[in-house]
Amino acid sequence: MVEKNYKIDRPVTWRDYYEMTKPKVVYLLVFTAIVGMFLANDVTVSWFPPLSALVWGTLGIGLASGAAAVVNHVVDARIDTIMARTMQRPVAQGRVEAKKAVVFASSLAIAAMIMLWFLVNPLTAVLTLGGLVGYAFIYTMFLKRATPQNIVIGGLSGAIPPLLGWTSVTASADPNAWLLVLIIFTWTPPHFWALSIHRIEDYAKAEIPMLPVTHGEEFTKTSILLYCVLLILSTILPFLTGMSGVIYLIAAIALGLWFLYYCVVLKYRETEGVAMKTFGVSIGYLTLLFVVLLVDHYLKPVIGF
């Protein structure tokens, strides 16, 4: 009865469809893809990547990411109604029917693939499709419910946007692009496990085997701390390979210590709200790290190191 009244009070609008694409998540994915495009571009030849790659690549990657998010809404509709963080989602509340959501996701995915294949390059289209399938189906339908290592194994799908941005410009999967993937891949577990600790009761109630549910909060905090150390080490690799310069190295270490501080506090001096604060810091950390990568890319040829 409550759900029926809710539907009357809140008829479906374009905002419901927009919400299903998880815009905040997609913005971060697209941002890292755009940075990948600029990093792939040779600044000694041109300051900007080809316009076709920048425009159609960004749009195609964004649409594919949105499509994967919509599938996630459909597949997780039942457990979304259980969890406080997700119970107001459009499909979970019945404002958008599952069939209509599937049609919407399919439309976004098809548009993305056509755009990337014909207006960017086939390699980017294939890799993007792999990322979509990996997140929307392999992670959401299987890994999420099968293992506490779900976010580790499934994290590759969310880590590939900078590679997609890179291939949009070069049509090749350069080893340096995979370093960017490695950074996000290593960043994902401490980022998401911090949120999982904050929402542990929700995940337990929904019977989702997130690490803090299956192994306890202390084990998860230790894992977050260790992954953060691995993350800092992985962020040094772009400097060691010559991809980035001293400006990036200094900033990467400083940002890493900032994130590490919150991971240490979460482990040894946790107070109310620290897990969510760590989650927020992780987002700021990744954003600033990719901004510094971009700044260094343009300043390195000028200053020479």
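The values are calculated or read from the model by the stated rules, or taken from the named source; none is laboratory data. Note that this is a predicted model, so its numbers are computed, not measured. As a convention, Cβ positions derive from the backbone with ideal geometry for all residues, glycine included, and neighbour counts pool all protein chains shown.
The figures follow:
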| read-out | value |
| --- | --- |
| Identity of the residue in the stretch 40-95, of a type in the set (S, T, N, Q) and assigned to a helix (DSSP H, G or I), that ends up surrounded by the fewest Cβ atoms within 10 Å (Cβ to Cβ) | Ser52 |
| Lone qualifier among Ser196, Ser234, Ser282 - being assigned to a helix (DSSP H, G or I), over 30 Å from Asp174 (Cβ atoms) and under 23 Å from the mean Cα position of the chain (by Cα) | Ser196 |
| For Ala171: the one exception among (1) more than 18 Å from Asn72 (Cα to Cα); (2) crowded, with 16+ Cβ neighbours inside 10 Å | (2) |
| Unique match (being surrounded by 19 or more Cβ atoms within 10 Å (Cβ to Cβ), in contact (Cβ under 8 Å) with a residue 60 or more places away in the chain and out of contact with any Ser or Thr (no Cβ under 7 Å at 6 or more places or on another chain)) among Tyr248, Tyr285 | Tyr285 |
| Residues of the stretch 87-141 that turn out to be in contact with an Asp or Glu (Cβ under 9 Å, 6 or more places away or on another chain) and in contact (Cβ under 8 Å) with a residue 12 or more places away in the chain, as a count | 9 |
| Filtered residues of the stretch 134-148 (kept if assigned to a helix (DSSP H, G or I) and either at pLDDT 95 or above or of a type outside the set (Val, Ile, Thr) (or both)) | Gly134, Tyr135, Ala136, Phe137, Tyr139, Met141, Phe142, Leu143, Lys144, Arg145, Ala146 |
| Residue list for the stretch 214-231, restricted to those being under 22 Å from the mean Cα position of the chain (by Cα) and either among the polar types (S, T, N, Q) or closer than 18 Å to Met83 by Cβ (or both) | Thr220, Ser223 |
| Test: Glu218 is assigned to a helix (DSSP H, G or I), surrounded by fewer than 20 Cβ atoms within 10 Å (Cβ to Cβ) and out of contact with any Pro (no Cβ under 6 Å at 6 or more places or on another chain) | yes |
| Among the candidates Lys277, Lys300, residue that is modelled with pLDDT of 95 or more and either over 18 Å from Thr32 (Cα atoms) or part of a loop (DSSP other than H, G, I, E, B) (or both) | Lys277 |
